[in-house]
2 protein chains.
Amino acid sequence: MTMTENLEPISSNKSFGGWHKRYRHRSRALDCEMEFAIYLPPQAETERVPLLWWLSGLTCTDENFMQKAGAHRVAAELGIAIVCPDTSPRGTDLPGEHESYDFGSGAGFYVNATQEPWKKHYRMYDYVAEELPSVVRQHFPLNGREAISGHSMGGHGALILALRRPGHYRSVSAFSPIVNPTQCPWGRKAFRGYLGDDPGAWTQYDACELVAKGASSQPLFIDQGEADQFLEEQLKPERLEAVCEEHDHPLTLRRQPGYDHSYFFIATFIEDHLRYHAEHLHKQ
Amino acid sequence: MTMTENLEPISSNKSFGGWHKRYRHRSRALDCEMEFAIYLPPQAETERVPLLWWLSGLTCTDENFMQKAGAHRVAAELGIAIVCPDTSPRGTDLPGEHESYDFGSGAGFYVNATQEPWKKHYRMYDYVAEELPSVVRQHFPLNGREAISGHSMGGHGALILALRRPGHYRSVSAFSPIVNPTQCPWGRKAFRGYLGDDPGAWTQYDACELVAKGASSQPLFIDQGEADQFLEEQLKPERLEAVCEEHDHPLTLRRQPGYDHSYFFIATFIEDHLRYHAEHLHKQ
C-alpha cells in the first residue's frame with residue numbers, strides 16, 4: 001500500500017479556471033479497470049483544497065455529473081475539488097450483468113457484495129470508502145477534509161457512507177436519495193442479488209435503518225423534487241423524515257415543487273449544496 | 001401559413017424556476033419530422049420574453065447545449081428564452097448521410113442545399129431563419145426580440161444568419177466558430193456536397209466573405225479557446241480578425257488561454273454571452 005498507484009490520464013479540460021480531468025486505474029477492491037473524474041478548482045494550483053465526493057445514480061458513469069450539474073462554477077469560486085467515481089465495476093462480463101438498468105453494470109449500489117458471482121468485483125462500498133480516496137490523496141493536492149453528496153442510488157450511497165463513518169465526512173447531502181432501499185423495488189432487487197436473501201444483511205446499507213440504530217448523529221441535508229417520477233415507489237422520503245423525527249436525528253428535507261428526477265433538478269440546487277458543504281469544509 | 005403548427009410535446013423539466021421543454025413537429029422546409037428544445041424562464045409565465053437562438057455544432061442535437069452549458073441559471077435571472085434547433089434534418093436516409101460526423105446527419109451547416117440528393121431536405125438556413133421562428137412565435141410567449149449564438153458549426157451559423165439579416169438579431173455571439181468555411185476542410189467538404197463545386201455559390205455562407213462584402217455592420221462577439229484542437233486547421237479566427245480590421249467591422253474576439261473546444265469551455269463563458277445579449281435584448 002505504500003506503492004504509488006498508477007493513473008492513466010484520459011482527458012483534461014480547463015473549466016472555470018480549474019481543470020476537469022478523467023483517469024483510468026486498476027482497482028484492487030473491484031479487480032478491474034475503473035475510470036473516475038476529478039474537478040480541481042483554480043485554488044488547487046497553489047494550495048491543498050477540500051474534497052466533495054459525488055456519487056451518481058443508476059446508469060451513470062463519472063461523466064454525468066461533471067457535464068450536466070453545472071457544479072464547476074461554484075466549486076471554482078469556493079475552492080472545492082470534486083471526485084466522481086463510476087457507479088459499478090466495468091469490463092467484467094458476469095451472467096446477466098448488463099441486462100437491466102437497475103442491477104449489475106451501472107448499478108453497484110455502493111455495497112460490498114457477498115453473493116456469487118458478484119462478490120469478486122461488486123465491492124463499491126470499499127472502493128468509494130477506502131481505495132479511491134487513497135488513490136486521489138496520493139495524486140492530488142487535497143487537504144484531507146471531505147464531504148459527500150449524490151443523486152438517487154448515489155444519494156443512498158452518500159447517506160450510508162456518512163452514517164456508517166461518523167466523523168469522516170464533514171457534511172453530507174443528497175438529491176432524491178433512495179433512503180430506505182430495504183423497502184423499495186430498486187433496493188430489494190439489488191440487495192437480494194448482491195447480499196442474498198437474508199434481509200438482516202441488508203440493513204447496514206439502509207439509511208433509515210442506520211438512523212434508527214443511532215449509528216451517527218451526522219446532520220442530513222436533502223433536496224427532493226415533488227414531481228419526481230420515482231418519489232412514491234422508490235424514494236419514500238417520508239420514511240426518513242419519520243425515523244429522523246423519532247430518533248431526534250437532524251434532517252433538513254426540502255421538497256421542491258415541480259422538479260423531477262433529472263439533472264435539471266440537480267443543476268438548479270447544486271449551488272445550495274456546494275455552499276452548505278463549503279461552510280463545513282472551510283470551518284477551522 | 002395561418003394554420004397553427006402542431007407541436008408534439010416530448011418532455012418537460014422544471015429548471016431554475018422555468019421550464020425546459022422538448023417538442024417534435026413536421027418541418028415543411030426540411031420535409032421531415034424535427035425536434036427542438038426551448039428554455040422558458042420564470043418570467044415567461046407572466047410576460048412575453050426575448051429569445052436567444054442557440055445553434056449547435058457537428059454531431060449535436062437540441063440536447064447538448066441544454067444539458068451541458070449551464071445556461072438556464074442565467075437565462076432565468078435575465079428573463080431570456082432559449083431555443084435550440086437540431087443540427088440537420090432527421091429520419092431521412094440519403095446515400096451516405098450517416099457515414100461521417102462532418103457531413104449529412106448532425107452536420108447541416110445551416111445552408112440551403114442545391115445539390116442532389118440533399119436539396120430536398122438539407123435547408124437548415126430556411127429552417128432556422130424562417131420556419132422554426134414562425135413555429136415558436138405561435139406557441140410561446142415571446143416578445144419578438146431575438147439574438148443568436150452558437151458553437152463551432154453553430155457559431156458559423158449564428159454569424160452568417162446575423163450578417164445576412166441586418167437588423168433582425170439584436171446581437172450575435174459565437175464560441176469557437178468556423179469563420180471562414182470556404183477555406184477550411186470542414187467547410188469545403190460540406191459546401192462542395194450541399195452547394196456544388198462552384199465556390200462562387202459558397203461565399204454567401206461564409207462569415208469572412210460576408211464581412212468583406214459589407215453585408216451588415218452587426219458587431220460580432222466571439223470567444224475562442226487557445227487550446228482548441230481545431231483552432232489552426234478549421235477555425236482560423238485570425239482570418240475574421242483581419243477582414244474585420246480591413247473593413248472596419250466591429251469585432252470583439254477574446255482568446256481564452258488553456259480552453260479547448262468542449263462544452264466545459266462554453267459553460268465557463270456562457271454567462272458573459274447571456275449578459276451581453278440581455279443588454280441588447282432588454283434595451284428600449
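The values are calculated or read from the model by the stated rules, or taken from the named source; none is laboratory data. All of these numbers come straight from a predicted model, not from anything done at the bench. Reconstructed Cβ throughout: ideal geometry from the backbone, glycine too, with neighbour counts over all protein chains shown.
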- request: Could you tell me whether any residue of the range B:230-245 is crowded, with 22+ Cβ neighbours inside 10 Å, within 20 Å of the chain's Cα centre (by Cα), within 14 Å of chain A (Cβ to nearest Cβ) and under 25 Å from B:ALA278 (Cβ atoms)?
  value: no
message: Under 6 Å between Cβ atoms, which residue pairs at least 6 apart in sequence (or on different chains) link something in the range A:11-27 that is facing chain B (nearest Cβ under 10 Å) with a partner that is buried (at least 18 other Cβ atoms within 10 Å of the Cβ) and in a loop (DSSP other than H, G, I, E, B)?
response: A:ASN13/B:ASP260; A:ASN13/B:SER262; A:LYS14/B:TYR259; A:GLY18/A:PRO41
field: Tally, over the range A:217-229, of residues that are outside any loop (DSSP other than H, G, I, E, B) and away from chain B (no Cβ under 14 Å)
entry: 3
- prompt: Any residue in the range B:206-216 that is under 28 Å from B:HIS280 (Cα atoms), within 14 Å of chain A (Cβ to nearest Cβ) and among the small types (Gly, Ala, Ser)?
  reply: no
Enumeration of residues in the range A:130-145 that are over 14 Å from A:MET34 (Cα atoms) and out of contact with any Lys or Arg (no Cβ under 7 Å at 6 or more places or on another chain): A:GLU130, A:SER134, A:ARG137, A:GLN138, A:HIS139, A:PHE140, A:GLY144
statement: Of B:TYR259, B:TYR263, the only residue that is in contact with a Phe, Trp or Tyr (Cβ under 9 Å, 6 or more places away or on another chain) and either under 23 Å from B:VAL83 (Cβ atoms) or free of Cβ contacts under 8 Å to residues at least 24 places away in the same chain (or both) is B:TYR263
message: Between A:TYR259, A:TYR276, which is in a helix (DSSP H, G or I) and either modelled with pLDDT under 95 or aromatic (Phe, Trp, Tyr) (or both)?
response: A:TYR276
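Table: residues versus (1) closer than 19 Å to A:VAL111 by Cβ; (2) assigned to a helix (DSSP H, G or I); (3) out of contact with any Asp or Glu (no Cβ under 8 Å at 6 or more places or on another chain); (4) in contact (Cβ under 8 Å) with a residue 12 or more places away in the chain.
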| position | (1), (2), (3), (4) |
| --- | --- |
| A:SER149 | yes, no, yes, yes |
| A:GLY154 | yes, yes, yes, yes |
| A:ILE160 | yes, yes, no, yes |
| A:ALA174 | yes, no, no, yes |
| A:THR182 | yes, yes, no, yes |
Residue match in the range A:132-151 (condition: under 18 Å from A:THR59 (Cβ atoms), of a type outside the set (Asp, Glu) and crowded, with 21+ Cβ neighbours inside 10 Å): yes
